[in-house]
Amino acid sequence: MAQELWQRALRVLPGGVNSPVRSFRGVGGEPFFVARGQGPYLYDQEGRRYVDYVMSYGPLILGHAPPAVVRAVQEQAALGLSFGAPTQLEVEMAELLTEAVPGLEMVRMVNSGTEATMSALRVARAVTGRARVVKFHGCYHGHHDTLLIKAGSGAATLGVPDSQGVPPTLAELTLTVGYNDVEALESVFSRFGAEIAAVIVEPVAGNMGTVPPSPGFLEAIRRLTRQAGALMVVDEVMTGFRVAWGGASRAFGLEPDLVCLGKVIGAGMPVAAYGGRREYMERVAPLGGVYQAGTLSGNPLAMAGGLAQLRALSAPGTYQRLGELADRLGRELVAMARSHGVAASYHAVGGMMTLFFREPAPKNFEEVAAGDATRFGRFFHGMRERGVFWPPSPYESAFPSLAHDEKAVEATLAAAAEVFRRGV
Ligand code: KE4
(Lines give C-alpha, C1' and ligand atoms only; values in the text may rest on other atoms or scores of the structure.)
Protein backbone atom coordinates (compact mmCIF):
# COMPACT_ATOMS: atom_id res chain seq x y z
CA MET A 1 0.00 0.00 0.00
CA ALA A 2 2.55 2.59 1.16
CA GLN A 3 5.07 1.48 -1.46
CA GLU A 4 2.48 1.71 -4.22
CA LEU A 5 1.39 5.16 -3.02
CA TRP A 6 5.03 6.27 -2.79
CA GLN A 7 5.67 5.20 -6.37
CA ARG A 8 2.56 7.12 -7.47
CA ALA A 9 3.77 10.17 -5.52
CA LEU A 10 7.22 10.01 -7.13
CA ARG A 11 5.62 10.07 -10.58
CA VAL A 12 3.62 13.25 -10.06
CA LEU A 13 5.30 15.21 -7.23
CA PRO A 14 8.97 16.35 -7.30
CA GLY A 15 10.68 13.91 -4.92
CA GLY A 16 7.21 12.62 -4.02
CA VAL A 17 6.53 15.53 -1.67
CA ASN A 18 5.20 19.06 -1.53
CA SER A 19 8.07 20.28 0.65
CA PRO A 20 11.61 18.85 0.43
CA VAL A 21 12.27 18.17 4.11
CA ARG A 22 9.35 15.68 4.14
CA SER A 23 11.23 13.41 1.72
CA PHE A 24 13.53 12.00 4.45
CA ARG A 25 16.46 12.89 2.16
CA GLY A 26 18.22 14.14 5.25
CA VAL A 27 18.09 10.76 6.98
CA GLY A 28 17.58 8.25 4.17
CA GLY A 29 14.68 5.89 3.66
CA GLU A 30 11.16 6.68 2.51
CA PRO A 31 8.54 8.70 4.37
CA PHE A 32 5.39 7.08 5.70
CA PHE A 33 1.97 8.40 4.69
CA VAL A 34 -0.11 9.93 7.45
CA ALA A 35 -3.76 8.94 7.86
CA ARG A 36 -4.62 11.15 10.85
CA GLY A 37 -3.34 12.97 13.92
CA GLN A 38 -4.75 13.08 17.45
CA GLY A 39 -3.22 14.94 20.39
CA PRO A 40 0.54 14.06 20.47
CA TYR A 41 0.11 11.19 18.04
CA LEU A 42 0.29 10.63 14.29
CA TYR A 43 -1.17 7.48 12.73
CA ASP A 44 0.17 6.23 9.41
CA GLN A 45 -1.85 4.49 6.74
CA GLU A 46 -0.89 1.10 8.16
CA GLY A 47 -2.30 2.14 11.52
CA ARG A 48 1.08 2.52 13.23
CA ARG A 49 1.12 5.18 15.97
CA TYR A 50 3.95 7.68 16.48
CA VAL A 51 4.58 10.22 19.21
CA ASP A 52 4.99 13.25 16.96
CA TYR A 53 7.72 15.90 17.46
CA VAL A 54 7.52 17.31 13.93
CA MET A 55 4.01 18.65 14.62
CA SER A 56 3.82 20.12 11.12
CA TYR A 57 7.14 21.93 11.84
CA GLY A 58 5.72 24.14 14.55
CA PRO A 59 2.05 25.19 14.16
CA LEU A 60 0.42 22.46 16.29
CA ILE A 61 1.25 23.77 19.75
CA LEU A 62 -2.02 22.36 21.14
CA GLY A 63 -1.38 18.99 19.48
CA HIS A 64 -3.23 17.40 16.54
CA ALA A 65 -6.93 18.18 16.00
CA PRO A 66 -7.52 20.14 19.24
CA PRO A 67 -11.33 20.14 19.74
CA ALA A 68 -11.67 23.94 20.14
CA VAL A 69 -9.78 24.58 16.89
CA VAL A 70 -11.59 21.86 14.93
CA ARG A 71 -14.96 23.14 16.15
CA ALA A 72 -14.12 26.73 15.20
CA VAL A 73 -13.03 25.68 11.71
CA GLN A 74 -16.04 23.42 11.16
CA GLU A 75 -18.48 26.14 12.25
CA GLN A 76 -16.81 28.71 10.01
CA ALA A 77 -16.68 26.30 7.06
CA ALA A 78 -20.44 25.94 7.21
CA LEU A 79 -20.69 29.73 6.83
CA GLY A 80 -18.42 29.87 3.79
CA LEU A 81 -14.80 29.15 2.97
CA SER A 82 -13.57 32.47 1.58
CA PHE A 83 -15.13 35.76 0.55
CA GLY A 84 -12.56 38.17 -0.89
CA ALA A 85 -14.11 40.77 1.38
CA PRO A 86 -13.35 41.90 4.96
CA THR A 87 -14.56 39.80 7.89
CA GLN A 88 -14.69 40.55 11.63
CA LEU A 89 -12.38 37.58 12.21
CA GLU A 90 -9.50 39.36 10.45
CA VAL A 91 -9.95 42.42 12.66
CA GLU A 92 -10.01 40.25 15.79
CA MET A 93 -6.80 38.47 14.69
CA ALA A 94 -5.04 41.74 13.92
CA GLU A 95 -6.14 43.21 17.28
CA LEU A 96 -4.90 40.13 19.17
CA LEU A 97 -1.50 40.16 17.40
CA THR A 98 -0.92 43.91 17.75
CA GLU A 99 -1.79 43.70 21.45
CA ALA A 100 0.49 40.70 22.10
CA VAL A 101 3.61 41.45 20.02
CA PRO A 102 5.80 44.44 20.93
CA GLY A 103 6.34 46.91 18.09
CA LEU A 104 3.44 45.49 16.09
CA GLU A 105 1.25 48.58 15.61
CA MET A 106 -0.24 47.41 12.30
CA VAL A 107 -0.23 43.98 10.63
CA ARG A 108 -1.07 42.36 7.28
CA MET A 109 -2.13 38.71 7.03
CA VAL A 110 -0.57 36.54 4.31
CA ASN A 111 -0.57 32.81 3.53
CA SER A 112 2.99 31.64 4.26
CA GLY A 113 6.10 32.61 6.14
CA THR A 114 7.80 33.09 2.79
CA GLU A 115 5.25 35.74 1.82
CA ALA A 116 5.63 37.40 5.22
CA THR A 117 9.40 37.82 5.08
CA MET A 118 9.39 38.69 1.37
CA SER A 119 6.83 41.44 2.00
CA ALA A 120 8.60 42.75 5.10
CA LEU A 121 11.82 43.17 3.15
CA ARG A 122 9.97 44.95 0.36
CA VAL A 123 8.69 47.43 2.95
CA ALA A 124 12.20 47.84 4.39
CA ARG A 125 13.65 48.51 0.95
CA ALA A 126 10.90 51.04 0.21
CA VAL A 127 11.25 52.81 3.56
CA THR A 128 15.06 53.11 3.33
CA GLY A 129 15.43 53.38 -0.45
CA ARG A 130 18.24 50.86 -0.12
CA ALA A 131 18.75 47.41 -1.72
CA ARG A 132 21.07 45.31 0.44
CA VAL A 133 19.81 42.86 3.06
CA VAL A 134 21.74 41.04 5.78
CA LYS A 135 20.79 37.54 6.91
CA PHE A 136 22.58 34.94 9.01
CA HIS A 137 24.09 31.68 7.79
CA GLY A 138 21.77 28.79 8.66
CA CYS A 139 18.70 30.93 9.23
CA TYR A 140 15.78 30.14 6.92
CA HIS A 141 13.18 32.74 6.11
CA GLY A 142 11.28 30.98 3.30
CA HIS A 143 12.15 30.32 -0.32
CA HIS A 144 11.98 33.73 -2.02
CA ASP A 145 15.07 34.67 -4.02
CA THR A 146 16.48 37.36 -1.75
CA LEU A 147 16.71 35.08 1.30
CA LEU A 148 17.46 31.70 -0.26
CA ILE A 149 21.14 32.31 0.39
CA LYS A 150 23.09 30.17 2.86
CA ALA A 151 19.67 29.12 4.15
CA GLY A 152 18.92 26.55 6.80
CA SER A 153 16.09 24.00 7.19
CA GLY A 154 15.39 22.00 4.05
CA ALA A 155 17.97 23.92 2.02
CA ALA A 156 20.73 22.95 4.46
CA THR A 157 19.34 19.43 4.78
CA LEU A 158 19.64 18.90 1.06
CA GLY A 159 22.96 20.74 0.93
CA VAL A 160 21.57 23.46 -1.35
CA PRO A 161 21.78 26.51 0.91
CA ASP A 162 22.19 28.65 -2.21
CA SER A 163 19.42 27.64 -4.63
CA GLN A 164 19.77 27.40 -8.40
CA GLY A 165 17.65 29.94 -10.28
CA VAL A 166 18.53 32.91 -8.12
CA PRO A 167 20.16 35.48 -10.43
CA PRO A 168 23.69 36.44 -9.24
CA THR A 169 22.79 40.12 -9.53
CA LEU A 170 20.07 39.49 -6.94
CA ALA A 171 22.10 37.15 -4.73
CA GLU A 172 24.82 39.81 -4.47
CA LEU A 173 22.37 42.06 -2.62
CA THR A 174 22.14 39.57 0.22
CA LEU A 175 25.02 39.67 2.68
CA THR A 176 25.37 36.71 5.03
CA VAL A 177 27.02 36.69 8.44
CA GLY A 178 27.56 33.90 10.96
CA TYR A 179 24.78 33.63 13.57
CA ASN A 180 25.98 35.12 16.88
CA ASP A 181 29.03 36.65 15.15
CA VAL A 182 28.85 40.29 16.27
CA GLU A 183 32.34 41.11 15.00
CA ALA A 184 31.49 39.97 11.46
CA LEU A 185 28.24 41.93 11.60
CA GLU A 186 30.09 45.07 12.67
CA SER A 187 32.53 44.74 9.78
CA VAL A 188 29.66 44.28 7.27
CA PHE A 189 28.09 47.47 8.61
CA SER A 190 31.35 49.38 8.51
CA ARG A 191 31.67 48.45 4.83
CA PHE A 192 28.06 48.50 3.59
CA GLY A 193 26.10 50.29 6.32
CA ALA A 194 24.76 53.07 4.12
CA GLU A 195 23.47 50.53 1.57
CA ILE A 196 21.72 48.14 3.98
CA ALA A 197 17.91 48.24 4.02
CA ALA A 198 17.44 45.61 6.70
CA VAL A 199 18.87 42.87 8.84
CA ILE A 200 16.54 39.88 9.15
CA VAL A 201 17.08 37.47 12.01
CA GLU A 202 15.44 34.50 13.71
CA PRO A 203 15.54 35.71 17.34
CA VAL A 204 16.05 32.08 18.30
CA ALA A 205 17.39 30.16 15.31
CA GLY A 206 15.19 27.16 14.59
CA ASN A 207 16.33 26.16 11.10
CA MET A 208 19.78 24.93 12.01
CA GLY A 209 18.20 23.09 14.87
CA THR A 210 17.41 25.29 17.87
CA VAL A 211 20.28 27.70 18.51
CA PRO A 212 19.67 30.57 20.94
CA PRO A 213 21.14 34.06 20.51
CA SER A 214 24.38 34.64 22.45
CA PRO A 215 24.23 37.50 24.99
CA GLY A 216 24.51 40.81 23.14
CA PHE A 217 23.85 39.41 19.65
CA LEU A 218 20.32 40.72 19.16
CA GLU A 219 21.22 43.95 20.95
CA ALA A 220 24.10 44.44 18.48
CA ILE A 221 21.71 44.05 15.54
CA ARG A 222 19.42 46.71 17.05
CA ARG A 223 22.35 49.07 17.71
CA LEU A 224 23.95 48.69 14.29
CA THR A 225 20.70 48.95 12.31
CA ARG A 226 19.66 52.06 14.26
CA GLN A 227 23.08 53.69 13.70
CA ALA A 228 23.00 52.93 9.97
CA GLY A 229 19.34 53.83 9.39
CA ALA A 230 18.47 50.23 8.49
CA LEU A 231 15.46 48.26 9.75
CA MET A 232 15.60 45.32 12.16
CA VAL A 233 13.24 42.62 10.85
CA VAL A 234 12.56 39.89 13.41
CA ASP A 235 11.40 36.65 11.81
CA GLU A 236 9.12 35.02 14.39
CA VAL A 237 7.40 32.65 11.96
CA MET A 238 8.68 29.80 14.15
CA THR A 239 9.29 31.49 17.51
CA GLY A 240 6.11 33.59 17.56
CA PHE A 241 3.80 32.22 20.30
CA ARG A 242 6.11 29.16 20.38
CA VAL A 243 8.78 30.44 22.77
CA ALA A 244 6.47 32.83 24.64
CA TRP A 245 3.16 34.67 24.37
CA GLY A 246 4.02 37.48 21.96
CA GLY A 247 7.12 35.61 20.82
CA ALA A 248 10.81 36.23 21.46
CA SER A 249 10.22 39.93 20.82
CA ARG A 250 8.25 40.10 24.08
CA ALA A 251 10.35 37.52 25.97
CA PHE A 252 13.65 39.25 25.11
CA GLY A 253 12.35 42.84 25.20
CA LEU A 254 13.26 43.43 21.53
CA GLU A 255 12.31 46.64 19.69
CA PRO A 256 11.83 45.33 16.13
CA ASP A 257 10.95 47.65 13.26
CA LEU A 258 9.11 44.83 11.46
CA VAL A 259 8.03 41.38 12.70
CA CYS A 260 7.03 38.28 10.72
CA LEU A 261 4.70 35.64 12.20
CA GLY A 262 3.28 32.29 11.06
CA LYS A 263 2.84 28.64 12.06
CA VAL A 264 1.23 28.82 15.56
CA ILE A 265 -1.01 31.78 14.61
CA GLY A 266 -2.65 29.61 11.93
CA ALA A 267 -3.03 26.42 14.03
CA GLY A 268 -1.96 24.31 11.06
CA MET A 269 -3.69 26.27 8.31
CA PRO A 270 -1.92 28.50 5.77
CA VAL A 271 -1.54 31.70 7.81
CA ALA A 272 1.35 34.10 8.29
CA ALA A 273 1.63 37.81 8.90
CA TYR A 274 4.02 40.74 8.78
CA GLY A 275 3.73 44.04 10.54
CA GLY A 276 5.44 46.65 12.63
CA ARG A 277 5.65 50.36 13.26
CA ARG A 278 2.66 52.24 11.86
CA GLU A 279 4.93 54.63 9.91
CA TYR A 280 6.31 51.63 7.99
CA MET A 281 3.09 49.66 7.51
CA GLU A 282 1.27 52.72 6.19
CA ARG A 283 3.54 52.37 3.15
CA VAL A 284 1.67 49.16 2.20
CA ALA A 285 -1.07 49.23 -0.48
CA PRO A 286 -3.73 50.43 -0.65
CA LEU A 287 -2.44 53.14 1.75
CA GLY A 288 1.05 53.43 0.33
CA GLY A 289 3.16 52.52 -2.64
CA VAL A 290 4.41 49.08 -1.53
CA TYR A 291 2.20 46.64 -3.37
CA GLN A 292 1.38 43.33 -1.68
CA ALA A 293 -1.81 41.30 -2.05
CA GLY A 294 -3.26 37.80 -1.64
CA THR A 295 -6.48 36.10 -2.74
CA LEU A 296 -6.74 34.07 0.45
CA SER A 297 -4.98 36.42 2.88
CA GLY A 298 -6.89 36.51 6.18
CA ASN A 299 -8.99 33.55 5.06
CA PRO A 300 -11.95 33.21 7.48
CA LEU A 301 -11.41 29.50 8.10
CA ALA A 302 -7.76 30.05 8.98
CA MET A 303 -8.59 33.07 11.12
CA ALA A 304 -11.22 31.10 13.05
CA GLY A 305 -8.80 28.24 13.71
CA GLY A 306 -5.86 30.51 14.51
CA LEU A 307 -7.91 32.62 16.93
CA ALA A 308 -9.20 29.52 18.71
CA GLN A 309 -5.63 28.27 19.18
CA LEU A 310 -4.21 31.62 20.29
CA ARG A 311 -7.03 32.17 22.77
CA ALA A 312 -6.28 28.76 24.31
CA LEU A 313 -2.59 29.71 24.64
CA SER A 314 -3.24 32.86 26.64
CA ALA A 315 -3.98 30.75 29.75
CA PRO A 316 -1.44 31.35 32.57
CA GLY A 317 1.32 28.75 32.95
CA THR A 318 1.09 27.61 29.30
CA TYR A 319 4.63 28.53 28.32
CA GLN A 320 6.14 27.44 31.60
CA ARG A 321 4.72 23.97 30.97
CA LEU A 322 5.96 23.91 27.38
CA GLY A 323 9.41 25.12 28.40
CA GLU A 324 9.74 22.54 31.14
CA LEU A 325 8.71 19.78 28.72
CA ALA A 326 11.18 20.79 26.01
CA ASP A 327 13.99 21.14 28.53
CA ARG A 328 13.21 17.80 30.16
CA LEU A 329 13.34 16.03 26.79
CA GLY A 330 16.71 17.59 26.00
CA ARG A 331 18.16 16.92 29.44
CA GLU A 332 17.05 13.27 29.57
CA LEU A 333 18.02 12.41 25.98
CA VAL A 334 21.50 13.88 26.46
CA ALA A 335 21.94 12.00 29.74
CA MET A 336 20.98 8.74 28.02
CA ALA A 337 23.33 9.35 25.08
CA ARG A 338 26.26 10.25 27.31
CA SER A 339 25.67 7.23 29.56
CA HIS A 340 26.37 5.16 26.45
CA GLY A 341 29.46 7.13 25.53
CA VAL A 342 27.75 9.16 22.78
CA ALA A 343 28.70 12.86 22.51
CA ALA A 344 25.45 14.81 22.76
CA SER A 345 24.11 18.22 23.75
CA TYR A 346 20.87 20.16 23.40
CA HIS A 347 19.27 23.58 23.23
CA ALA A 348 15.72 24.20 24.37
CA VAL A 349 13.94 27.56 24.27
CA GLY A 350 10.25 27.68 25.16
CA GLY A 351 8.46 24.93 23.26
CA MET A 352 11.24 24.14 20.76
CA MET A 353 14.37 22.08 21.17
CA THR A 354 17.09 20.13 19.37
CA LEU A 355 19.27 17.18 20.34
CA PHE A 356 22.74 17.54 18.79
CA PHE A 357 25.22 14.69 18.37
CA ARG A 358 28.21 16.81 19.30
CA GLU A 359 29.59 18.62 22.31
CA PRO A 360 29.46 21.37 23.34
CA ALA A 361 26.06 22.65 22.18
CA PRO A 362 26.53 24.63 18.92
CA LYS A 363 26.44 28.42 18.64
CA ASN A 364 26.15 28.69 14.84
CA PHE A 365 25.56 26.78 11.62
CA GLU A 366 29.16 25.60 11.16
CA GLU A 367 29.15 24.03 14.61
CA VAL A 368 25.80 22.34 13.92
CA ALA A 369 27.14 21.03 10.61
CA ALA A 370 30.14 19.56 12.46
CA GLY A 371 27.75 17.30 14.39
CA ASP A 372 27.48 13.57 13.62
CA ALA A 373 24.76 13.54 10.91
CA THR A 374 25.14 9.79 10.32
CA ARG A 375 24.49 9.09 13.97
CA PHE A 376 21.53 11.45 13.80
CA GLY A 377 20.12 9.36 10.93
CA ARG A 378 20.46 6.17 12.99
CA PHE A 379 18.80 7.88 15.95
CA PHE A 380 15.94 9.08 13.74
CA HIS A 381 15.24 5.63 12.30
CA GLY A 382 15.69 3.90 15.64
CA MET A 383 13.07 6.19 17.14
CA ARG A 384 10.76 5.85 14.15
CA GLU A 385 10.91 2.06 14.41
CA ARG A 386 9.91 2.42 18.06
CA GLY A 387 6.95 4.72 17.43
CA VAL A 388 8.48 8.19 17.77
CA PHE A 389 8.51 10.63 14.81
CA TRP A 390 11.53 12.91 15.38
CA PRO A 391 12.24 15.68 12.81
CA PRO A 392 13.98 13.97 9.81
CA SER A 393 16.95 16.36 9.74
CA PRO A 394 19.67 17.58 12.13
CA TYR A 395 18.76 21.11 10.96
CA GLU A 396 15.14 20.97 12.14
CA SER A 397 13.81 21.74 15.60
CA ALA A 398 11.57 19.38 17.57
CA PHE A 399 8.21 20.77 18.72
CA PRO A 400 6.62 19.20 21.79
CA SER A 401 3.02 20.36 22.31
CA LEU A 402 0.68 20.92 25.22
CA ALA A 403 -0.90 17.58 24.25
CA HIS A 404 2.36 15.70 24.98
CA ASP A 405 1.31 14.16 28.29
CA GLU A 406 3.34 11.93 30.64
CA LYS A 407 2.34 8.81 28.69
CA ALA A 408 3.67 10.25 25.42
CA VAL A 409 6.88 11.50 27.06
CA GLU A 410 7.51 8.19 28.81
CA ALA A 411 7.00 6.35 25.48
CA THR A 412 9.52 8.74 23.88
CA LEU A 413 12.14 8.21 26.59
CA ALA A 414 11.62 4.44 26.59
CA ALA A 415 12.18 4.34 22.82
CA ALA A 416 15.33 6.46 23.18
CA ALA A 417 16.66 4.27 26.00
CA GLU A 418 16.30 1.26 23.71
CA VAL A 419 17.93 3.07 20.77
CA PHE A 420 20.96 4.12 22.84
CA ARG A 421 21.18 0.70 24.56
CA ARG A 422 21.25 -1.02 21.14
CA GLY A 423 23.86 1.50 20.00
CA VAL A 424 23.34 4.43 17.67
P1 KE4 B 1 6.74 28.90 4.98
O2 KE4 B 1 6.84 29.65 3.69
O3 KE4 B 1 7.33 27.49 4.87
O4 KE4 B 1 5.34 28.93 5.56
O5 KE4 B 1 7.61 29.67 6.08
C6 KE4 B 1 8.96 29.96 5.81
C7 KE4 B 1 9.69 30.22 7.11
C8 KE4 B 1 10.04 31.51 7.43
N9 KE4 B 1 10.70 31.81 8.58
C10 KE4 B 1 11.02 30.82 9.46
C11 KE4 B 1 11.76 31.19 10.72
C12 KE4 B 1 10.68 29.47 9.20
O13 KE4 B 1 11.01 28.51 10.09
C14 KE4 B 1 10.01 29.16 8.00
C15 KE4 B 1 9.62 27.74 7.63
N16 KE4 B 1 10.11 26.71 8.48
C17 KE4 B 1 10.33 25.42 7.89
C18 KE4 B 1 10.69 24.47 9.05
N19 KE4 B 1 12.06 24.55 9.38
C20 KE4 B 1 9.21 24.93 7.05
C21 KE4 B 1 9.18 23.44 6.82
C22 KE4 B 1 9.25 23.12 5.34
O23 KE4 B 1 9.98 23.81 4.60
O24 KE4 B 1 8.54 22.17 4.93
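The values are calculated or read from the model by the stated rules, or taken from the named source; none is laboratory data. Treat the numbers as computed from the prediction; the structure is a model and nothing was measured. Note that we place each Cβ from the backbone using ideal geometry, even for glycine, and neighbour counts take in every protein chain shown. For the accessible areas, the whole protein counts, side chains as well, though only heavy atoms, and no ligand, DNA or RNA atoms are used. Shrake-Rupley method; radii C 1.70, N 1.55, O 1.52, S 1.80 Å.
Expressed as a rounded percentage, what relative contact order does region 69-313 have, with Cα pairs under 8 Å and six or more residues apart?
30
Which one, G382, A65, A302, is farthest towards the positive end of the dipole of the chain when Lys and Arg carry +1 and Asp and Glu -1 on their Cβ?
Ranked along the dipole, the leading option is G382.
Report, in deg cm²/dmol and to the nearest 500, the calculated mean residue ellipticity at 222 nm for the chain, where each DSSP H run with n ≥ 4 adds -39500 (n - 2.57) and the sum is divided by the residue count.
-11500 deg cm²/dmol
Note down the magnitude of the dipole of region 69-313 about its Cα centre, charges +1 on Lys and Arg C-beta and -1 on Asp and Glu C-beta and zero elsewhere, to the nearest 20 debye.
Computed charge dipole of region 69-313: roughly 60 debye.
Where the only charges are on Cβ atoms (+1 Lys, Arg; -1 Asp, Glu), what is the dipole of region 7-133 about its Cα centre, to the nearest 20 debye?
Charge dipole, region 7-133, about its Cα centre: 680 debye, nearest 20.
Wrap a convex hull around the Cα atoms of region 1-92, take a quarter of its surface area, and give that in square nanometres.
8.4
Quantify how much of the Cα-Cα distance distribution of the chain extends past 37 Å, in percent.
Tail fraction, whole percent: 20.
Compute the relative contact order of region 35-84 as a whole-number percentage, counting only Cα pairs closer than 8 Å that sit 6 or more residues apart in sequence.
30
List the relative contact order of the chain as a percent without decimals, with contacts defined as Cα pairs under 8 Å and 6+ residues apart.
About 23 percent, as a whole number.
I'd like to check one number: the per residue accessible area of the chain, probe 1.4 Å, reported in Å² as a whole number.
40
So, how do all the Cα-to-Cα distances of region 285-407 break down into 10 Å bins, in percent, from 0 on up?
11, 32, 25, 20, 10, 2, 0
Placing +1 at every Lys and Arg Cβ and -1 at every Asp and Glu Cβ, with all other atoms neutral, what dipole size does the chain have around its Cα centre, in debye to the nearest 20?
For this selection, approximately 460 debye.
Mind ordering 78-89, 356-367 by average Cβ neighbours within 10 Å, highest first?
With the highest mean Cβ count within 10 Å placed first, the list reads 356-367, 78-89.
Of the options G154, V127, A197, report the single residue whose Cα projects farthest towards the positive end of the charge dipole of the chain (beta-carbon charges: Lys, Arg +1; Asp, Glu -1).
My answer, from the dipole projection, is G154.
I'd like to compare 296-307, 238-249, 378-389: which one has the highest average count of other Cβ atoms within 10 Å, and what's the full order after that?
238-249, 296-307, 378-389
Go through 314-323, 263-272, 2-11, 140-149 and give me the packing order, highest mean Cβ count within 10 Å leading.
Per-residue Cβ counts within 10 Å, averaged per peptide and sorted highest first, yield 263-272, 140-149, 314-323, 2-11.
In whole Hz, with x marking every Gly and Pro, tabulate ³J(HN,Hα) for region 277-286 from phi via Karplus 6.51 cos²θ - 1.76 cosθ + 1.60, θ = phi - 60°.
Working through the residues one at a time gives 4, 4, 4, 8, 6, 6, 7, 8, 4, x Hz.
Heavy atoms only, probe 1.4 Å: what % of the accessible area of region 69-313 goes to carbon and sulfur, would you let me know?
Within region 69-313, the accessible surface is 54 percent carbon and sulfur.
Please report the base-10 log of the normalised intensity I(q)/I(0) for region 260-327, using a Debye sum with one equal scatterer per alpha carbon and no solvent, at each q in 0.24, 0.25 (1/Å).
So the normalised log intensities work out to -1.06, -1.09.
Working from the pairwise distances between different alpha carbons, so that the mean of 1/r is found and then inverted, what is region 69-313's Kirkwood radius in Å?
Final number for the Kirkwood radius of region 69-313 is 18.1 Å.
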